[in-house]
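The values are calculated or read from the model by the stated rules, or taken from the named source; none is laboratory data. As the structure is a computational prediction, the values presented were derived from the model and not from experiment. Heads up, the Cβs are rebuilt from the backbone with ideal geometry, glycines too, and the neighbour counts pull from every protein chain shown.
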Amino acid sequence: MRHLRAIECAITDRNSRFVAFCVAIVVGSCLTAINQGIPFFLGETMTPGRWISAFVTPVVPFFVSLHGQGMKKSG
């Protein structure tokens, strides 16, 4: 429950959301390039599952960043 409260605390803060968004863009782009780059450059088709994976990948760093910021703020 403490961890959910940390995310809730951080998501209400505009600065925390901005930082988490930046983290999601940078880290999510790197992870997407690693996970989807080789099939993309080999000319393989992007299946619906790969598209979903590519769009969901940045969500994880976003929430991890929010969690870390919330835990720091809530002590």
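Assorted remarks:
- Of all positions in region 54-70, none carries a residue that is surrounded by fewer than 16 Cβ atoms within 10 Å (Cβ to Cβ), over 25 Å from ALA6 (Cβ atoms) and aliphatic (A, V, I, L, M).
- Test for ILE52: is it over 20 Å from ARG14 (Cα atoms), aliphatic (A, V, I, L, M) and at pLDDT 85 or above: yes
This table checks each residue for (1) touching a residue at least 24 places away in the same chain (Cβ under 8 Å); (2) not small (Gly, Ala, Ser).
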{"position": "ASN15", "(1), (2)": "no, yes"}
{"position": "CYS30", "(1), (2)": "no, yes"}
{"position": "ILE38", "(1), (2)": "no, yes"}
{"position": "GLY43", "(1), (2)": "no, no"}
{"position": "LYS73", "(1), (2)": "yes, yes"}
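- Filter result (more than 26 Å from ILE11 (Cα to Cα) and at pLDDT 90 or above) within region 28-48: ALA33, ILE34, PRO48
- Sole residue being in contact with a helix residue (DSSP H, G or I) (Cβ under 8 Å, 6 or more places away or on another chain) and not aromatic (Phe, Trp, Tyr), chosen from THR32, THR45, THR12: THR32
- For region 5-21, residues that are of a type in the set (Lys, Arg) and either in contact with a Lys or Arg (Cβ under 8 Å, 6 or more places away or on another chain) or exposed (fewer than 15 other Cβ atoms within 10 Å of the Cβ) (or both) total 2.
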